[in-house]
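The values are calculated or read from the model by the stated rules, or taken from the named source; none is laboratory data. All values derive from a computational prediction rather than experimental measurement. Quick reminder, even Gly has a Cβ in these numbers, built from the backbone with ideal geometry, and neighbours come from all protein chains shown. Heads up: the accessible areas ignore ligands, DNA and RNA and are worked out on the full protein's heavy atoms, side chains in. Shrake-Rupley method; radii C 1.70, N 1.55, O 1.52, S 1.80 Å.
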Amino acid sequence: MHYFRTVPVHTDEPRAAGEPARAAGEPARNTAPQARGGWIRRLPTSRVLRFAVVGGAGTVVNTAALYVLHRLLSVPLVVASAVAVELAVAHNYVLNDRWTFAVRAPSLRRFGKFNMSMLAGLAANVLVVWTLVHVGVHLLVANLLAIAAAFSVNYASSVQWVWGRTRRRNR
């Protein structure tokens, strides 16, 4: 599988194999990345970035839901927090399913696997924070490192387990 494809942008750059040469004075064709199915989709870093953007949006969903449920609707904090987290997980699943991994149809089985993989990320986060704080690392530094560890666990489990088989089938 090729992740990178040569795409000329300027007239003095080499062309991809099999691409016809342009006549003198002919304008360069548009080589901008395409939203669906274009060469930018094949870059492995673009999937990681999409996964991170979805996670950031999920943080906004979680925070807004927690505020509305607890502060405005007076739902008890533990219940409000649990509901907010699950709303963010559902939001992240839908966006990752459609945008990050470009699957045609959602799946209840994949959603369950995604929920379980998020629990693994939570466990990694708590373990890293607890361990680092107990060996003397400042709480906020420990939390940032734990977030990075949880992101890694979540991304790896999503790529390999949640969407791994689906992606191989859709190729």
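Which pairs turn up if I take residues in the stretch 101-126 that are within 13 Å of residue 161 (Cα to Cα) and look for partners that are in a helix (DSSP H, G or I) and of a type in the set (Phe, Trp, Tyr) with beta carbon separation below 6 Å, at least 6 apart in sequence or on another chain?
Short answer, once both residue conditions are applied: 111/93; 114/93.
Going by what's in this entry, would residue 123 be described as within 16 Å of the chain's Cα centre (by Cα) and surrounded by fewer than 17 Cβ atoms within 10 Å (Cβ to Cβ)?
Against the criterion (within 16 Å of the chain's Cα centre (by Cα) and surrounded by fewer than 17 Cβ atoms within 10 Å (Cβ to Cβ)), residue 123 does not qualify.
Can you say whether residue 78 is surrounded by 13 or more Cβ atoms within 10 Å (Cβ to Cβ) and either modelled with pLDDT under 90 or more than 20 Å from residue 49 (Cβ to Cβ) (or both), as far as the supplied structure shows? Can you show your working first?
On the way: surrounded by 13 or more Cβ atoms within 10 Å (Cβ to Cβ): no; either modelled with pLDDT under 90 or more than 20 Å from residue 49 (Cβ to Cβ) (or both): yes.
No: the conditions fail for residue 78.
Hey, residue 151 hits all of (1) within 19 Å of residue 47 (Cα to Cα); (2) open to solvent by 30 Å² or more (accessible area, probe 1.4 Å); (3) modelled with pLDDT of 95 or more but one; which does it fall short on?
With respect to (1) within 19 Å of residue 47 (Cα to Cα); (2) open to solvent by 30 Å² or more (accessible area, probe 1.4 Å); (3) modelled with pLDDT of 95 or more, residue 151 is out only on (3).
Being closer than 15 Å to residue 154 by Cα and not in a helix (DSSP H, G or I) is the filter here, so list the residues in the stretch 75-107 that pass it.
Passing the criteria: only 101.
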